[in-house]
Amino acid sequence: MRYITAGESHGPELTAIIEGLPAGLPLTAEDINFELARRQTGYGRGGRMLIEKDQVRITSGIRHGKTLGSPVTLVVENKDWKNWTKVMAIEEVPEKDRKLRRVARPRPGHADLVGGMKYHHQDLRNVLERSSARETTMRVAIGAIAKKILKELGIDVAGHVTMLGGIKAEIPEGLTVKEIAERSEASEVRVLDPSVEEEIKQLIDQTKKNGDTIGGVVEVLVGGVPAGLGSYVQWDKKLDAKIAQAVVSINAFKGAEFGVGFEAGVLPGSKVMDEILWDEQRGYTRRSNNLGGFEGGMTNGEPIVVRGVMKPIPTLYKPLQSVDIDSKEPYKASVERSDSTAVPAASVVCESVVATVVANELLEKFPSDSFAELTASVQAYREYLLTY
């Protein structure tokens, strides 16, 4: 499965084309719209969420509620486009209109300046429109399809916030992936610890008053994954490496870790390695899951546990110092409409990109021209694992 996305933040629409989906997968626009709506929720979101009510339009690859095996095309219209038709016009416009909403003062921490230097742009809007986190709309749409594949194969995905603005949320022990998903969905800030929810919301409110932004850490779990996805034979075949790349590719994400993560650098081996057990009903299992479901770049049958850290959004309403690219004089950076935090929404995006990588790995490992063929192959492989 491969995909490409296109579109600008304030352009007419966002588009994605996905190739390699099996034929016969049940899929509707409602499946995708459900995930798009989740992306737009979360305490701390800005005014654009009131403008855009993202709804997908499927223009190819599906007939009578099932995929055809041909490329699927998704389109999401930008409702705010009507206010940007001159600024973002595709055709030539008069000189005076070319300067509308021109950006010449890059924001520290954003792609503005480096993108302008790389592509020789004199209007940094040409950079920020594509580098905007608005692009994650289509990654969530694609992730919705991936999650549909996983769900049909008995694989669950959940995301939640473990820390926001320095406030840590405790994670109750013994929860299933489904239970984590339910608890996260019931929280405005997607935490599993109700005792810190009000404190986090107050911090978000105060941060907004200060004209500032805050980041945090999100965690994604994938349960029901069979052992043996990925490979140890080449560096680019390791599934945890693929997931790490996908997580860090999300706008504003700066790192990824699995299981106990960077704590593995300070713990003794006896506290890190997961002891192997055998059970006639479940086959090989682990006493713990400190390695986050991976050994040697391959899934080991335990839930995948991956965390990503999101930096504060670089658009501040009290902007930091920058330099005007025309005069080279110091100025305050440009201000675009923004959120005080998008960490709760980022957990939804992170779910989507992780689900996409895992689904793709399944499609690579098993015959998948048709969904019936894929389902039968995965089931046969699960039965084999119990006999090994």
For the stretch 166-184, give me each residue that is open to solvent by less than 50 Å² (accessible area, probe 1.4 Å), within 18 Å of Glu197 (Cα to Cα) and of a type in the set (Val, Ile, Thr).
Ile167, Ile180
Need the failing condition index for Val343 against (1) open to solvent by less than 10 Å² (accessible area, probe 1.4 Å); (2) within 30 Å of Ala227 (Cα to Cα); (3) among the aliphatic types (A, V, I, L, M), just the number.
(2)
Might you check whether a residue that is open to solvent by 20 Å² or more (accessible area, probe 1.4 Å), in a helix (DSSP H, G or I) and over 30 Å from Ile214 (Cα atoms) occurs anywhere in the stretch 9-30?
yes
Filtered residues of the stretch 95-116 (kept if over 25 Å from the mean Cα position of the chain (by Cα) and either part of a helix (DSSP H, G or I) or crowded, with 16+ Cβ neighbours inside 10 Å (or both))
Glu95, Lys96, Asp97, Arg98, Val103, Ala104, Arg105, Pro106, Gly116
Residue within the stretch 164-175 that is in a helix (DSSP H, G or I) and either without any contact (Cβ under 8 Å) to a residue 60 or more places away in the chain or of a type in the set (D, E, K, R) (or both) present
no
Residue under question is Lys82, and the condition is that it be open to solvent by 10 Å² or more (accessible area, probe 1.4 Å) and part of a helix (DSSP H, G or I); does it hold?
yes
Residue among Glu19, Glu8, Glu30 that is over 17 Å from the mean Cα position of the chain (by Cα) and closer than 23 Å to Asn83 by Cβ
Glu8
Tabulated pairs, the stretch 17-44, first closer than 17 Å to Arg57 by Cα and touching a residue at least 60 places away in the same chain (Cβ under 8 Å), second of a type in the set (Ser, Thr, Tyr) and open to solvent by less than 50 Å² (accessible area, probe 1.4 Å), C-beta under 6 angstrom, 6+ apart or interchain:
Leu27/Thr67
Arg107 passes all but one of the listed conditions (1) over 18 Å from Thr15 (Cα atoms); (2) among the basic types (Lys, Arg); (3) modelled with pLDDT of 95 or more; the exception is number (3)
Give me the residue from the stretch 306-339 that is of a type in the set (Gly, Ala, Ser) and modelled with pLDDT of 90 or more and, out of that set, most open to solvent (accessible area, probe 1.4 Å).
Ser327
Scanning for something within 30 Å of Leu316 (Cβ to Cβ) and not polar (S, T, N, Q), does the stretch 68-77 turn up at least one residue?
yes
Might you let me know whether the stretch 347-362 holds any residue that is open to solvent by 10 Å² or more (accessible area, probe 1.4 Å) and part of a loop (DSSP other than H, G, I, E, B)?
no
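This table checks each residue for (1) part of a helix (DSSP H, G or I); (2) surrounded by fewer than 18 Cβ atoms within 10 Å (Cβ to Cβ); (3) out of contact with any helix residue (DSSP H, G or I) (no Cβ under 7 Å at 6 or more places or on another chain).
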residue: Glu199; (1), (2), (3): yes, yes, yes
residue: Gln202; (1), (2), (3): yes, yes, yes
residue: Gln206; (1), (2), (3): yes, yes, yes
residue: Asp212; (1), (2), (3): no, yes, yes
residue: Ala244; (1), (2), (3): yes, no, yes
residue: Ile250; (1), (2), (3): no, no, no
residue: Ala256; (1), (2), (3): no, no, no
residue: Asp274; (1), (2), (3): no, no, yes
Considering only residues that are surrounded by fewer than 24 Cβ atoms within 10 Å (Cβ to Cβ) and in a helix (DSSP H, G or I), look in the stretch 140-159 and name the one that is farthest from the chain's Cα centre (by Cα).
Glu152
Out of curiosity, is Leu239 within 18 Å of Asp156 (Cβ to Cβ), touching a Gly at 6+ places or on another chain (Cβ under 8 Å) and touching a residue at least 60 places away in the same chain (Cβ under 8 Å)?
yes
Looking at the stretch 1-34 only, could you name the residues that are acidic (Asp, Glu) and over 12 Å from Val75 (Cβ atoms)?
Glu8, Glu19, Glu30, Asp31
So, first residue within 13 Å of Pro314 (Cβ to Cβ) in the stretch 325-349, second residue β-branched (Val, Ile, Thr) and not in a loop (DSSP other than H, G, I, E, B), Cβ within less than 8 Å, six or more apart or across chains; the pairs are Ser340/Ile204; Ser340/Thr207; Thr341/Ile204; Thr341/Thr207
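The values are calculated or read from the model by the stated rules, or taken from the named source; none is laboratory data. Predicted model only: the values in this text are computed from it and were never measured. Ideal geometry is used to build each Cβ from the backbone, glycine not excepted, and the neighbour counts take in all protein chains shown. Each accessible area value is taken on the protein alone, full model and side chains, heavy atoms only, with ligands, DNA and RNA left out. Shrake-Rupley method; radii C 1.70, N 1.55, O 1.52, S 1.80 Å.
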